[in-house]
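Notes to accompany the following structure.
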Amino acid sequence: MPHLTELTAAVAAGKRTDTVRLTQELLAAGVAPQTIVETGLVPGMAIVGDKFKRNEIFVPEMLVAARAMKEALKILEPLLAIAGIKPKYTALIGTVQGDLHDIGKNLISMMWRGANFAVVDLGTNVSPDKYLAAAVEHKANIVGLSALLTTTMPAMKETVRILKAANLPDMKIMIGGAPITQAFADEIGADGYAADAGTAVDIARKLVGAAA
Amino acid sequence: MKPPAHRFIPEVASARYEAWWRCARVDRPPVSLWVKTPHPLRAPRSTHATLRERWLDVEYQVDCALTGLETNPILGDTVPSYLPNVGPDLSSTLFGAELVFGENTSWCQHTVPETADWERFIATPPDFDNVYWRTIDAMITRAAERFAGRYYVAMPDLHGSFDILAGVRGPENVCLDLMDEPELVRRASLHASRAYVEAYRRLYQRLTALGQPSTTWCSYLHTGPAYIPSCDFWCLVSKEIAQEYVRPTIELEMAPLERSIFHLDGPQALHHLDLMLRLPGLNAVQWVFGSGHGPAAKWIDVYRRCLAAGKALQILADDPADALTVLRELGPDGLWLTICTPFANTDEATDFLDTVHRLSP
């Protein structure tokens, strides 16, 4: 039987074929799907996030790692569903109204999935009302707002205002994007700011109280 | 009210820019600045049913440009020009990308759905007869007619190879393709670069035939071919990928140029500063630190590295004080000061230009 650390290394290196093979071998050996996710795959993506923060790897390397994990999850998710096991936390993410850029949002979405959050991707050009409706529907723990354009920062401010006014229990708001800073996050009342996709995992875990 | 000292004089400004490209100086550094208009701008009213119609309405766009140019005082070395524009993905439309228009910018729809489709892309010659290029051509013609030599018509915004690939395939897919099929991406990137060069040559000849010097959205002046090479995509990749795959495309795109100023956009692009400074023939750098990451004075070390490499600099200062801080720190040689916040009135602007003169012994 392969060791879970081999799976972790395969994910971190973005080796899709090896990740799928090791996942199947671990299942065949009787390892629980939840254990494979939490002890094999999630640590692999954590390595990726740390390396990304330290500029040791870049977006292509992060994408191949996320793709490897996704392939493994295709095998594992049906089994987790049968067992009634769901991720503990739900995160929404979208690019704010007026902004069609999506790469930053997609990277964070991948990293949150890699950290075993259930992620609902609302897409781009998301209105404040759509964010709010989705936050209510999915009982979101985290709502992530992304913006690449300075011209859409007011839309981010308005979305935060509307979400805050709803007073949803247990919901925290995170923002990020090229023109966004911690100072802007403080100014508009966001709960967290992430400078990059690796940091976004740390901040989200901290906000939901799951920080290591 | 002071007399209109420091008004824009083409020959004087041109001489300042020509010296600046060489890190030299005629008197003071070139200065681009804007003054708040004394009266509200009476922009032409849009009656367009869609944003697309508005963007592609040649007469309306030239009307808007003329309104702005005729209303604003033109001081210092601020090049009074109009940028024929359909957004940043004009180059990607050469390969069939359709543009989607927003209020202030446009985006393009992807036309390379799968990795294998790069072969089709490589086999496709650039299409200079699409609606966007015809519109740009009409904008150039109409602007030149209506300006009658009073204002310049600028080179449109052309993005280079990897930004074209990102436009037609999506940046994430290009990243994955670089990992899965790097040689295929290399061939596609060089094909895109050759199309970019052809686009530049066509537009340059078109503008030269109308008597226009080189200028663009980055408003330098040069009498020969000059442009602003860039690569937004390289923010996503490692130094190794940038060196191996992106660098050859940028060098290809710079080949027709006598003068070049690299548009280095955002803190993530700084990762490639050394590679950029080694580009053969590069004259200057436009470092865009971006909203929330200023002021310019915060980036003195980056500017020093550029100057030490023999590159001139466009300083995008938040305000006059920021520009003067940078000028005092670095001295006047090799600087072009651009003040991003408009001055309240022409007196303040001319005072600022006087100060720049004094600080440029």
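Give me the aspartates and glutamates in straight-line cross-link reach of A:Lys86: C-alpha distance below 15 Å, same-chain residues under 8 apart excluded.
The reachable aspartates and glutamates, counting only those whose Cα sits under 15 Å from A:Lys86, are A:Glu38, A:Glu77.
Give the percent of DSSP beta bridges with both residues in chain B that are antiparallel, rounded to the nearest 5.
20
Among the trypsin sites (Lys or Arg not before Pro) in the stretch A:1-87, which ones are in a DSSP loop with at most 12 other Cβ atoms within 10 Å of the Cβ? Mind listing them?
Counting only loop positions with at most 12 other Cβ atoms within 10 Å, the trypsin sites (Lys or Arg not before Pro) in the stretch A:1-87 are A:Arg54.
With a ≥ b ≥ c taken as the square roots of the eigenvalues of the C-alpha gyration tensor of the stretch A:5-48, please select rounded if a/c is under 1.5 and otherwise prolate if a/b is larger than b/c or oblate if it is not?
It comes out oblate by the Cα gyration axes.
Under a plain spin-label model, where a point goes 7 Å from the Cα along Cα-to-Cβ, how far apart in nm are B:Val100 and A:Lys53?
3.4
Treating only the Cβ of Lys, Arg, Asp and Glu as charged (+1, +1, -1, -1), what charge dipole size does the stretch A:4-82 show about its Cα centre? Round to the nearest 20 debye.
With only Lys, Arg, Asp and Glu charged at Cβ, the dipole is about 220 debye.
How about B:Lys239: which lysines have a C-alpha closer than 29 Å to its C-alpha, ignoring those fewer than 8 places off in the same chain?
Within reach: A:Lys15, A:Lys51, A:Lys53, A:Lys70, A:Lys105, B:Lys298, B:Lys311.
With the solvent-accessible surface defined on protein heavy atoms using a 1.4 Å probe, which residues belonging to the stretch A:99-126 display a reduction of at least 40 Å² in accessible area in the multichain context relative to the isolated chain?
For the stretch A:99-126, once contacts with the other chains are taken into account, A:Leu100, A:Ile103 lose 40 Å² or more.
Starting from the Cα of B:Val12, step 7 Å toward the Cβ, then list every residue of the stretch B:298-335 with an amide N under 20 Å from that point.
B:332-335
Using only the alpha carbons, work out the radius of gyration and Dmax of the stretch B:55-187 in angstrom.
Expressed in Å, the Cα Rg and Dmax of the stretch B:55-187 come to 17.7, 54.
Across the stretch A:49-56, in residue order, what do the Karplus-derived ³J(HN,Hα) couplings come to in whole Hz, using 6.51 cos²θ - 1.76 cosθ + 1.60 with θ = phi - 60° and x for Gly and Pro?
Residue by residue, the stretch A:49-56 yields x, 5, 5, 5, 4, 8, 6, 8 Hz.
Rounded to the nearest 20 debye, what is the charge dipole size of the stretch A:90-207 about its Cα centre when +1 sits on each Lys and Arg Cβ and -1 on each Asp and Glu Cβ?
Charge dipole of the stretch A:90-207: 200 debye, to the nearest 20.
Show which aspartates and glutamates lie in cross-link reach of A:Lys139 when reach means a straight Cα distance below 19 angstrom and same-chain residues fewer than eight apart are skipped.
Straight-distance partners of A:Lys139: A:Asp121, A:Asp129, A:Asp170, A:Asp191.
Have a look at the stretch B:276-297 and report residues whose accessible surface goes down by 10 Å² or more when the remaining protein chains are included, against the chain on its own, probe 1.4 Å, ligands and DNA/RNA excluded.
Listed by number, the residues meeting the 10 Å² cut-off are B:Ser291, B:Gly292, B:His293.
Ignoring the sites themselves, what is the longest stretch of chain B with no GluC sites (Glu not before Pro) in a DSSP loop and at most 12 other beta-carbon atoms within 10 Å?
Answer from the scan: B:115-361.
Give me the summed buried accessible area for the A-B pair, 1.4 Å probe, to the nearest 100 Å².
The summed interface area works out to 1700 Å².
Given axes a ≥ b ≥ c from the Cα gyration tensor, I'd like to know whether the stretch A:1-123 is rounded (a/c under 1.5), prolate (a/b larger than b/c) or oblate.
Note, shape of the stretch A:1-123 comes out oblate.
Each label point is 7 Å from the Cα along the Cα-to-Cβ direction; what then is the distance between the points at A:Lys88 and B:Leu190, in nm?
5.3
As a test question: what accessible area, to the nearest 10 Å², does A:Trp112 have when a 1.4 Å probe is rolled over all protein chains in place?
Its accessible surface works out to 0 Å², give or take rounding.
Quick one: grab the alpha carbon gyration tensor of chain B, order the square roots of its eigenvalues as a ≥ b ≥ c, and give me rounded if a/c is under 1.5, else prolate or oblate depending on whether a/b is larger than b/c.
Oblate, because a/c is 1.5 or more while a/b does not exceed b/c.
What trypsin sites (Lys or Arg not before Pro) in the stretch B:1-109 are in a loop by DSSP, with at most 13 other Cβ atoms within 10 Å of the Cβ?
When the trypsin sites (Lys or Arg not before Pro) of the stretch B:1-109 are filtered for loop state and at most 13 Cβ neighbours within 10 Å, B:Arg42, B:Arg45 remain.
Quick check: net charge around A:Asp202, other residues with Cβ under 15 Å of its Cβ, Lys/Arg +1 and Asp/Glu -1?
Around A:Asp202, the surrounding residues sum to +3.
The values are calculated or read from the model by the stated rules, or taken from the named source; none is laboratory data. Keep in mind that what you see is a predicted model, and the values were worked out from it rather than measured. Heads up, the Cβs are rebuilt from the backbone with ideal geometry, glycines too, and the neighbour counts pull from every protein chain shown. All accessible areas refer to the heavy atoms of the entire protein, side chains included, with ligands and DNA or RNA removed. Shrake-Rupley method; radii C 1.70, N 1.55, O 1.52, S 1.80 Å.
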